[in-house]
1. In whole Hz, with x marking every Gly and Pro, tabulate ³J(HN,Hα) for region A:363-377 from phi via Karplus 6.51 cos²θ - 1.76 cosθ + 1.60, θ = phi - 60°.
2. Could you list the square roots of 5 times each eigenvalue of the Cα gyration tensor of region A:411-465, that is, the equivalent ellipsoid semi-axes, sorted largest first and rounded to whole Å?
3. With the calculation restricted to Cα positions, what are the radius of gyration and Dmax of region A:73-302 in angstrom?
4. In region A:489-574, which GluC sites (Glu not before Pro) are in a loop and have at most 13 other Cβ atoms within 10 Å, using DSSP for the loop call?
5. Which distance in nm do the two modelled labels at A:E55 and A:A188 give, with both placed 7 Å along the Cα-to-Cβ direction?
6. Mind putting together the pair-distance distribution for region A:175-321? All Cα pairs, 5 Å bins, whole percent per bin, short to long.
7. Kindly identify region A:336-486 as rounded, prolate or oblate by the Cα gyration tensor criterion: order the square roots of the eigenvalues as a ≥ b ≥ c, call it rounded if a/c is under 1.5, otherwise compare a/b with b/c, prolate if a/b is larger, else oblate.
8. Kindly identify region A:260-406 as rounded, prolate or oblate by the Cα gyration tensor criterion: order the square roots of the eigenvalues as a ≥ b ≥ c, call it rounded if a/c is under 1.5, otherwise compare a/b with b/c, prolate if a/b is larger, else oblate.
Amino acid sequence: MRARAAAELVAAALASMLALGWAGRVAGEGGHGGAAPTLTEPPPALPPGFAPYREVAPLGPAFDTDDAMPREAALVHHTRLVARLDEARHAIVGTETIAWTNPASVPVRELYLHLYLNAFKNERTAFLRSRLGDGRGSKMPREWGYADVKSVTLVDGDARRDLRDALERHSPGDPEDETDLRLTLPDAVAPGAAIVLELTFESKLPDVVERTGWAGGFHMVAQWFPKLARVRPDGSSSHFTFQRLSEFDADFGEYDVTIDAPAGYVIGATGKRISERATAGRVETRYAARDVHDFAFTAWSGAVESRARIAGVDVHLIAPPRHEGVIARTRAALATGLECYGRRFGRYPYETLTVVHPPPDAEEAGGMEYPTLITTGGPSLSPGAVKLTEALTMHELGHQWFYGLVATDEHREPFLDEGLNSWAEQGCMRELAGDGSALALPGVTVSVEALHRIGALSAGRDDVIARSSADAATAGHYARLVYSRTAALMSSLAGAYGPDVVERAVGRYTRGHRFGHPDARHLLAALDEVGGSELAEAARVGLFERGWIDLAVVDAGTVPRRSPKGVFDREGGRETVTTMDASGDHDVWAVVARRGSLELPVDVELGLADGTRRRVRWEGRGPWVRVTAVSRSPLAWVVVDPDHAIALDERLDDNALALSRGAPPLRLLERLTHAGAAATLLTLP
Amino acid sequence: MRLRDELARCGSGMSLLLAVAWLAALAPSLPLGLSLGASVAAWPGGELTLGEPGGVLLLEALRSSARELAVAARLGPAWLCAAALVTVVPQGALAAQLAWPIRLPLLLALATATRRLPSLLAIAAAHLLSRVALVAAAVFFATMTTIVTSSRAGELVVFAIFAVVAAAIACALRLVADVAVVRALRADVGAGDALLDALGALSLRAFSEVLGAAALGAVTFGGAVWLAHEIGARTPAEAAVSATLRAGSLAALVAARAVALGVAARSAT
Ligand SMILES: [Zn+2]
């Protein structure tokens, strides 16, 4: 899913500053009485179950290529859905049959069902009650959305057992929320044993608030059916109250879905279309998807669809009318992205990809990812210099790997999908558009990396990156820490230890854990395995300990080398040297400081007055380092990190020190003439 | 009263007022230029520029400017009021007294002369837009100076083009507006000869501004490219050359306007 644009973040920050100021004033005037204010701190940063990454078994170099990569997922469920779209009510009437195999190593009796649409049911849901500031998902629906389970039946051959009464609300500490339901089975299911559940349900879509819903004839049908929570190896379920910043976590399975929609609606869905059958005024379209952990579709009256074969994948593009330009740019991004991500993180294994560009009045449905289906967005006409369309497409496509194929827990460790994906997106955007991957005017370029750097630093030390989506301080923190700071941290690690090292480590992690459910330990273990413990440790500090860094040149100088003067006791007796003998050489020196808790190797460059340069590598362990050298020429300047390798470096204006004297007055004069030019232009009659 | 007499009578007073206005306008531009340039100025000559590929330093400069300007912004309203007081008010007073063809009094004179509100509004809008475009030109010139250490000509070309285009738009807008005024007045029998003469001068002056802006752009642009290619890294001497070039280009602009005003005065006699 896409974080809000930088401009929106700025606007939101300003709005919240104003709001805070106002609230503070009201509170100050107050004395309204009532209870004392409640204080809520986030839980400790280390998530439950986090263990040292060194205990994780190494993957080995076999996963540096696609050869050893798993070809298919271990299927935990086979799910058959029949969905009839009531286009007038924007509702889905459905039946669901789940053949579920216990993937845990212990018997399981409790299963959890997510009814995500209930987040939009009333103003008391955890989602709509959230106090996270403005931004995505912060508006109230005009039409409520909900999901009703009409029946739950356990099917065992001919025997059918009604389990409706075994289904109960279960949102810990949140009795009003209905997004998380517990289903207690009559008997525990042994490891590897299977059961079949049949459900009937009705899902009412809200108007689009976030990700899912309708707008006019457009329906983005996502998180729409009762969804089994993932069962972990220890038998526990990855279930949670659905909150505004939560995304998802599910087991791999196989979907067989029949969508019954009015004739003339454009249908696009997860997986491969296998049949179409027209009945009176309606069309039943059947889709099959394997090795995926979710199923979403669009049913859209008035959309324009096109098909293309891109990088060996059948791509189905669905957009509003008059979006040809955007679609052409989307295709170009897909062509680069499918190849780029495939090369870096293992090839795209599916035959199809569906891309939905929602209509302008349903923007919040855009910028989202589902297995083999992504939604993009943006205006139909935007200048080619601004790479919004491309970056959005690239981001959502990247999610096919980061959460799609490497199915991390998006709710608990969102940085593993959004953060790693933002970093991965940077690289593929660079392959598509070079230095101007965000903005490319002739002569002036801005990269996605540079934008993430600014985002990362703006919320930098407020919180750790590795925070559950339920514990984010604000929506802005979530965007800046989970997305931007993870990306900038990974960039910094690549800058310090070499891009090839970090690329290989993440590639090994994504290939080795394809169709798996790894967590932060596995990522750190891969970094440790490929790049060594210093790299892994820096990543851990950056993710879990609010690690930060500021590199600065503190001081520098030049001392001409000459024979020493003074009193010397030598073999022939005491000698007093009064004349000096200059050799023409210079001792040059500089002191560079590393502030903060992130220890990263970095280059220091000395510039000599004769124009030559000398570079030296500092491992960056201690708080500061003294660099000395002997040279024919005096020192002119010193720069630490001349290539901007450390994206997280908090300030860049202290990274350089120029020793040339006498320049400031002239530079000031220069700036004065410049300011004078501006003043003249403004005031001449 | 003839324009030449007015100029002769009030030349020194006018110069004084313009000097005050100029200093007032300098006050807000200076911290802006300094804070924008600070992060680049810290780097050794030629090492880095705001226009380096990828934009890391450009965004860093904007970030640190935002930080520093946040302090200046608190003084903003007071500063703006002071600047307005010392620029607009005296100029307005002088212009009103002399019927000097400066925007506001001109419009007032026109309002009494023509009584054609829609065309007056259009003229006023054109004048306003021309001022906005002129400010944009100033901003682009400002950006050019901060990146003049670049060793690549590409970015300089871009900013120079922006600056010249913005200045040209500003002047063209004013020219169009002024010509429209003259035509409207010629059609209006009630307009006095002196005013017509003044307006004729005004159009001439607008034309001269196009030339002046082009000269300014060409000199600054040429100087910047020359600096970038011939010198590369910046030393105190280079800074001095750059400053001289800029001062020279300003002098060219002022000279162009002075010549135009002289021509206008002669034609009005
Ligand atoms: Zn995302």
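1. Computed from phi, the couplings for region A:363-377 are 4, 5, 7, x, x, 9, 10, 9, x, 6, 9, 10, 10, 10, x Hz.
2. 25, 15, 5
3. Expressed in Å, the Cα Rg and Dmax of region A:73-302 come to 17.4, 53.
4. Passing sites in region A:489-574 are A:E571.
5. 2.3 nm
6. 2, 7, 13, 19, 19, 15, 11, 8, 4, 1, 0
7. Since a/c stays below 1.5, the shape of region A:336-486 is classed as rounded.
8. Oblate shape, in that a/c is at least 1.5 and b/c is the bigger or equal ratio.
The values are calculated or read from the model by the stated rules, or taken from the named source; none is laboratory data. Only a predicted model underlies this, so the values are computations on that prediction, with no experimental measurement involved. When we count neighbours, we look across all protein chains shown, and the Cβ atoms used for this are built from the backbone with ideal geometry, even at glycine. Surface accessibility is based on the protein's heavy atoms, side chains included, excluding ligands, DNA and RNA. Shrake-Rupley method; radii C 1.70, N 1.55, O 1.52, S 1.80 Å.
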